[in-house]
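Inspection log for the structure reproduced underneath, given as structure tokens.
Please treat every number below as a calculation from the coordinates, not as lab data. Bear in mind the structure is a predicted one, so any value in this text is a computation, not a measurement. Glycine also receives a Cβ, built like all others from the backbone with ideal geometry; neighbour counts cover every protein chain displayed.
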Amino acid sequence: MSTPNDPLAALALEPITAAALETARTEVDALLWRRDVRAAAAEVAAASVERGARDSAAIDGADVVVVDSSPMGRVLEAALRLTAAVPGQVDVFATAPLQALAHLHGLAAHGFVGDEELGRPRLTDRADDPLSLGDLPSAREAANRLALLADVLTTPTAAPALMVAAIAHAEVASVRPFSWGSGLVSRAVVRLVMAARGVDPSLFSIPERGLLELGRPAYVKALRAYASGTPAGITEFVVWHSTAVALGAQAVP
């Protein structure tokens, strides 16, 4: 039962949202119960990291085959580093989400920003924008919203975990709290929430694949709807995100 102090749970009760969240959870559960997946757990998890990282990099425009010294090759390398480190940060994320995000950003952004910016919220009103979202919140607002997100992530809620994952993803992706790499980090957050809250503790699914399959234009549209701050816009994003998660669960061969 939702309460006035549990806004995520209230939003999750909207019929269209509840149906989308339930469908996504059903697909993830079906994946976890597949005998072939459970029999090859280590291999499936490793393949999820590889494919998820490549898809996340592709969303940011790095649709390349190999890691090399080119700008796009380096983005792919960053995505691989970041996604591979997610399993080791799940327990930290459950109690200290900002610490986990700082660690992951430090890994991903190494070589792209100065050492003083690694793992730290941006101090300027500038950030990379590979999706051309525009409308960048100020550094002060970004820092405040990152702190509020940490509160959301550590406050008990009756909302489904996939609702929390969608909101956390959208916040980091739209606010862009880091000067470089917020998009990569935002997609890693989906994995962190799903693992920490027991939806996909073994990290078998590939949510990034679902995001990529739905297409960059749809991704941008959904993020801009969320950024509007309206209940309708947030609902639009959560439904879109749930569809992506369902596709990511279905993508495991």
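Considering only alpha-carbon pairs that sit under 8 angstrom and 6 or more positions apart, the relative contact order computed for region 59-157 is 24 percent. Legend: translational diffusion of region 21-161 by Stokes-Einstein, Rh = Kirkwood radius over C-alpha pairs, 20 °C, 1.002 mPa s; D = 123 µm²/s. When peptides 103-113, 164-174, 217-227 are sorted by average Cβ neighbour count within 10 Å, with the highest value leading, the order is 164-174, 103-113, 217-227. Using the Karplus relation 6.51 cos²θ - 1.76 cosθ + 1.60 with θ = phi - 60°, the per-residue 3J(HN,Hα) values for region 168-183 come to 4, 4, 5, 4, 5, 5, 8, 6, 6, x, 9, 5, 8, x, 4, x Hz, with x marking Gly and Pro. Each stretch of four or more DSSP H residues adds -39500 (n - 2.57); spread over every residue of the chain, this sum gives -21000 deg cm²/dmol at 222 nm. In whole angstrom, region 1-98 maps to an equivalent ellipsoid with semi-axes of 31, 20, 15, each derived as √(5λ) from the alpha carbon gyration tensor and ordered largest first. The slack between Asp125 and Ile16, meaning 0.36 nm per residue of separation minus the straight C-alpha distance, is 35.7 nm.
All C-alpha pair distances within region 96-189, sorted into 10 Å bins from zero, spread as 17, 53, 26, 4, 0 percent across the bins. Computed from the alpha carbon positions, the gyration tensor of the chain leads to an equivalent ellipsoid with semi-axes of 25, 23, 17 Å, biggest first.
Given bins 10 angstrom wide, list per bin the percent of all Cα-Cα distances in region 162-243, short to long. Answer for region 162-243: a P(r) of 19, 54, 26, 1 percent. Sorted ascending by nearby beta carbons within 10 Å, beginning with the fewest, Asp6, Asp60, Asp125, Asp151 become Asp151, Asp125, Asp6, Asp60.
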